[in-house]
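Heads up: the structure comes next, in structure tokens.
The values are calculated or read from the model by the stated rules, or taken from the named source; none is laboratory data. Remember, predicted model here, so these are calculated numbers, not experimental data. In this analysis, Cβ positions are derived from the backbone assuming ideal geometry, glycine residues included, and neighbour counts consider all displayed protein chains. Ligands, DNA and RNA are excluded from the accessible area calculation, which covers all protein heavy atoms including side chains. Shrake-Rupley method; radii C 1.70, N 1.55, O 1.52, S 1.80 Å.
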Amino acid sequence: MKPKRVLIVCTGNICRSPMAYGLLRAYLQEQGLDQAIVVETAGTHALVNEPPSAPGQKILAERGIDISHHRARQVTPQLLRDADVVLVMEEAHRRSLFYLAPQHLGKILLLSELVGEHQDVEDPYGQPEEMYRKTAALLDRYIREGFPTLLKHLGMEHQEQASTPDPGGEPMAHPLEPFKIKAVEPIPLLTREEREAYLREAGLNVFNLPSRAVTIDLLTDSGTGAMSAQQWAALHLGDEAYAGARSYEHLAEAQAEIFGFPYFTPVHQGRAAERVLFEILLQPGDVVATNQPFDTTLANIEARGARALELVIEEAYDTTLDHPFKGNIDLERLERHLQGDPKPSFVLLTITNNTGGGQPVSLENMRQVRALCDRYGVPLFLDAARHAENAYFIKEREAPHLSIREIVRETFALADGMLMSAKKDGLVNIGGLLAVRDKALFDRITQNMVRTEGFPTYGGLAGRDMEALAWGLREAVDEAYLRYRIGQVRYLAHRLREEGVPIVEPPGGHAVYIDILRLLPDWPREHLPGLAFTLALYREGGIRAAELGTVAFGRRDPETGEWIFPRLELVRLAIPRRVYTQSHMDYVADVIAHVAREKETLLRPVRIVEEPPALRHFLARFAEDVPSPGTN
């Protein structure tokens, strides 16, 4: 088995990090793990080739630990890349390493964080020996008391759960589910011939397949999750009064607790919030600045005669790049548009960015967007369907000293309003929210709601649904749940990497995205390769996935009729929340690997037979009667 690697970093690499290096190696020997974990050390401003400080050597020698062989060295991107965990002494060290290699921020921990603290280890350099003794004692406490946490970050606390090793021999543990299963539902196990018949009847559109014909359903994570026992119990408390129901009050309490907006209304789902808000804010010819809008958001913008500006950072289009926040908006491009004519009516940030691979937006990026919006007098709205997953990435990669709830509150404090499909990070099967800070805008929203969605205290939802949502909003920001949730996505991504299947890197929060342009580089895109792969997944294994490429986002030139292809051609494997287990993920990985290996024989070019004027992928019908690539 390939050993794990821990890199310990301080400033000069002659005092704190060499002492921590010696103490951790000694403790690993005590635990019998010195062959399983390799410890290295370096400095952000290393006194290169210098030995450890004399007091440090002396104090560790008294403990039977020899570090005299150590020589200081400068930290490098390669050392960061090779490490599984990086332990730093000060917050300043973390910032320095972030500037050096931002893609590795998620593996960098302040040493004191291993024991749940957040404080720097003071540098004893140039101070009396007694200061070195205090520092050594503090380092030893952090290492010994924080060792279980270190093992968790190394993925070694549940080694018995490890699955098939990767090509380097390193196992990947499936996360421990922080729940137990109370009810089960049988899944259909059909023959290939039966699946073929269902596909023909569906017009080769997986949206038309009945769920009774789907073995593993990864079409979407929207409204497909499993509710908790508390949520099911809450359904019985539903107050179905038309106006002013107690269930609305309970939801209002949860909204204020989690998000903190002064005005809100429930809606039946996210696209209802989009329609209501956009009818008020948009006129024909307007523009909306976004990182990347998803399908229904884009359709609702365009239904108003407006258009969306896709301003996500360029790194988002490199599916191989391990960037921590590929959902960020390009600030320079945003400012140019805010200075332009027409100026965007508002900025809409989607967190996480579903279109680009479920990628997060950083807190710093949102702060800078807020500053630009203030400068140019433009409101900022958040599409917050997956806000909790976004917050987890921020904690992991940007602000580990903050709790998930603190990150969520700061995130929404930056916004003038939010629209949310609660069918994702609300952990419910139906529901949504529309919240704002401006009373005049809210009055217009409520007038629109009464006309089209329902009275503002129910917004198209039953009281029981509001009760379940109030619980779900709180459960979604539980860190143990989020660690499992995102860990399950990472597990599937790891299995696909093992099989050589190209995916969007790094994996997002709710789904794994297969990069079809890398998997099928020679396929003509007009033959719809993403859909071809999606159909093969269903034929071979009963897996329903979503094409997010030419079918979903491609356009026709209005003059020539030629395709205008999107920059990415993806197949999304959206994992429902709290529904599938490790064996299901292993099955999915095995089927995908089989289809990828046999793609020359299993994949068939596809063409469109019928399509609606908008949102083609939901309602179109297809055929497979075009010639195969490379044939005459």
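Ranked from largest to smallest solvent-accessible area, with a 1.4 Å probe on the protein heavy atoms, Asp120, Asp515 come out as Asp120, Asp515. Looking at the chain only, what percent of DSSP beta bridges run antiparallel? Nearest 5 please. Looking only at bridges with both residues in the chain, the antiparallel portion is about 45 percent. The stretch 555-632 and the stretch 342-360 have Cα centres separated by 24 Å. Under Stokes-Einstein, with the Kirkwood radius over Cα pairs standing in for Rh, what whole-number D in µm²/s applies to the stretch 471-576 at 10 °C and 1.306 mPa s? Approximately 104 µm²/s, per Stokes-Einstein.
Note on Trp563: accessible area is roughly 40 Å² with a 1.4 Å probe, heavy atoms of protein only. Using every pair of separate Cα atoms, the Kirkwood estimate puts the hydrodynamic radius of the stretch 58-109 at 12.7 angstrom. The distance linking the stretch 394-447 with the stretch 241-285 is 11 Å (Cα centroid to Cα centroid, whole angstrom). Label separation (Arg451 vs Gln127): 6.8 nm, computed from points 7 Å beyond Cα along the C-beta direction. The label-point distance for Arg405 and Phe207, in a model that sets each label 7 Å from Cα toward Cβ, rounds to 3.9 nm. Simple rule: put +1 on each Lys or Arg Cβ and -1 on each Asp or Glu Cβ in the chain, find the dipole, and look at Leu603, Phe622, Gly12; the Cα lying farthest toward the positive end is Phe622.
Take the residue pairs Lys152/Lys395; Lys107/Lys395; Lys4/Lys395 and return only those whose Cα atoms are more than 21 Å apart. As for pairs spanning more than 21 Å Cα to Cα, those are Lys4/Lys395.
Considering just Cα atoms, how many Å³ per residue does the convex hull of the stretch 243-340 enclose? Intermediate values should be presented prior to the final figure.
On the way: hull volume 15.3 nm³, N = 98.
Measuring per residue, one finds 156 Å³ for the Cα hull of the stretch 243-340.
Normalised per residue, the accessible area of the chain is 40 Å², obtained with a 1.4 Å probe and no contribution from ligands, DNA or RNA.
At a 1.4 Å probe radius, which order do Arg94, Arg141, Arg336 fall into by accessible area, largest first?
Numbers: Arg94 5, Arg141 80, Arg336 140 Å².
Result, largest first: Arg336, Arg141, Arg94.
Where does the stretch 319-401 land on the Kirkwood hydrodynamic radius, alpha-carbon pairs, in angstrom?
On the way: mean 1/r = 0.0750 Å⁻¹.
That comes to 13.3 Å for the stretch 319-401.
Ordered by 1.4 Å accessible area with all protein chains kept, Lys599, Lys2, Lys180 run largest first as Lys180, Lys2, Lys599.
Divide, for the chain, the radius of gyration over alpha carbons by 2.2 N^0.38 Å, where N is the residue count.
Details: Rg = 26.4 Å, N = 632, 2.2 N^0.38 = 25.5 Å.
That ratio works out to 1.04.
For an R0 of 30 angstrom, estimate the FRET efficiency from the Cβ-Cβ distance between Tyr99 and Asp34 and round to the nearest 0.05. Intermediate values should be presented prior to the final figure.
Details: r = 33 Å, r/R0 = 1.09.
That gives a FRET efficiency of 0.35.
Principal-axis analysis of the Cα atoms of the chain puts helix 387-397 at an angle of about 20° to the longest axis. As a fraction of the 1.4 Å probe accessible area of the chain, surface on carbon and sulfur atoms comes out at 50 percent. Under the convention that each Lys and Arg Cβ holds +1 and each Asp and Glu Cβ holds -1, the size of the dipole of the stretch 382-447 around its Cα centre is about 160 debye. Note on Lys343: lysines with a C-alpha under 24 Å away, same-chain residues under 8 apart excluded, are Lys439. Full extension of the chain between Glu240 and Ala61 gives 57.2 nm of extra length, using 0.36 nm per residue less the Cα-Cα distance. In the context of the full protein assembly, Val450 retains an accessible surface of approximately 90 Å², using a probe radius of 1.4 Å and ignoring ligands and nucleic acids. Solvent-accessible surface (1.4 Å probe) assigned to Phe393 amounts to roughly 0 Å².
Taking a straight Cα-Cα cut-off under 18 Å and skipping sequence neighbours fewer than 8 places away in the same chain, the aspartates and glutamates within cross-link reach of Lys58 are Glu50, Asp66, Asp123, Glu129, Glu130, Asp140.
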